[in-house]
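Here, each number is a calculation from the coordinates, and none is a lab measurement. Not measured: the values here are computed from a predicted model. Positions of Cβ are generated from backbone atoms using ideal geometry, with glycine treated the same way; all protein chains shown enter the neighbour counts.
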Amino acid sequence: MRSRSRRLFLWILALALPLFLVVLGGQWFWAATERSPPEGGSITLFQLALTAAPFLILALLATVAREAGAAFTVAAIAGAVMSAGLWLAYYFAGYVYWRDHLRPGSDGGGGGADFGVMFLLLFSPLFVGGAMFLAFRVARLRRGAQEASTRT
C-alpha cells in the first residue's frame, strides 16, 4: 500500500469508525433494549468526538509525515480493535443493566449501572491512543530489525 493510499485509509477510518461504533452501535442498542434513543444529539456528538480523536490525530500525523509507512496502518488497526472492544463492553453493560432492571417483567433489584465501563469509555482516547502508539513503535522497530537483517 502506498503512502497516499494509507493516508486515505486513515482518514476514512477516522470518519467511518466512530459513525459505525457510536451511531450504528447505538441504533442496535436501542433496538435491542426496545427503547428509543434520548432526545438531543449532544451526547452522541460527544461520543463521536471521543471515539474519533485518536484516529484523527493519527491521520493528521500520517498526512504531515514524509512517508506514511505500514506502521501507521498497524497503529490504526490496533486502535480500531481496542475501540470496538471498549464500545462492545459499554453496550453489553448497558444491555445487562436493562435486562436486569428496566425490562418489563424484571424484578429491578440488585446492583446498579456499571460506572467502570463508562469511565473506561470516557478515557478511551488515552487508552486507544496509547495502544496505537505502542503498535506504531513495535511496527517501526520490527521494520528496522528486518531492514538490518537484510543488510547483513
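Run the simple label-point estimate for residue 98 and residue 42 please: 7 Å along Cα→C-beta, distance reported in nm.
Distance between label points: 2.4 nm.
What's the exposure ranking of 132, 118, going from fewest to most Cβ atoms within 10 Å?
Fewest to most other Cβ atoms nearby, the residues stand as 118, 132.
Hey, in the GNM for the chain with a 10 angstrom Cα cutoff, which one of 20, 136, 119 fluctuates hardest?
Looking only at 20, 136, 119, the biggest GNM fluctuation is shown by 119.
Please check: in the Gaussian network model of the chain (C-alpha springs, under 10 Å), which one of 112, 26, 130 has the largest mean-square fluctuation.
Of the options given, 112 has the highest mean-square fluctuation.
Could you compute the longest span of the chain free of trypsin sites (Lys or Arg not before Pro) located in DSSP loops and having at most 13 other Cβ atoms within 10 Å, not counting the site residues?
Answer from the scan: 67-152.
Among 18, 104, 125, which one shows the highest mean-square fluctuation when the chain is modelled as a Gaussian network with alpha-carbon springs under 10 Å?
Among 18, 104, 125, the largest GNM mean-square fluctuation belongs to 104.
Relative contact order (percent) for the chain, with alpha-carbon contacts under 8 angstrom and 6 or more residues of separation?
Relative contact order of the chain: 30 percent.
Where in the chain are the DSSP H helices whose C-alpha atoms run 30 Å or more along the long axis and whose mean Kyte hydropathy is at least 1.0?
Span-like helices, by this rule, are 42-64, 70-97.
Would you mind working out the magnitude of the charge dipole of the chain relative to its Cα centre, with +1 at each Lys and Arg C-beta and -1 at each Asp and Glu C-beta, to the nearest 20 Debye?
In total the dipole reaches around 1020 debye.
Would you mind classifying region 3-151 by shape? Square roots of the alpha carbon gyration tensor eigenvalues, ordered a ≥ b ≥ c; an a/c under 1.5 is rounded, otherwise it is prolate if a/b is larger than b/c and oblate if not.
prolate
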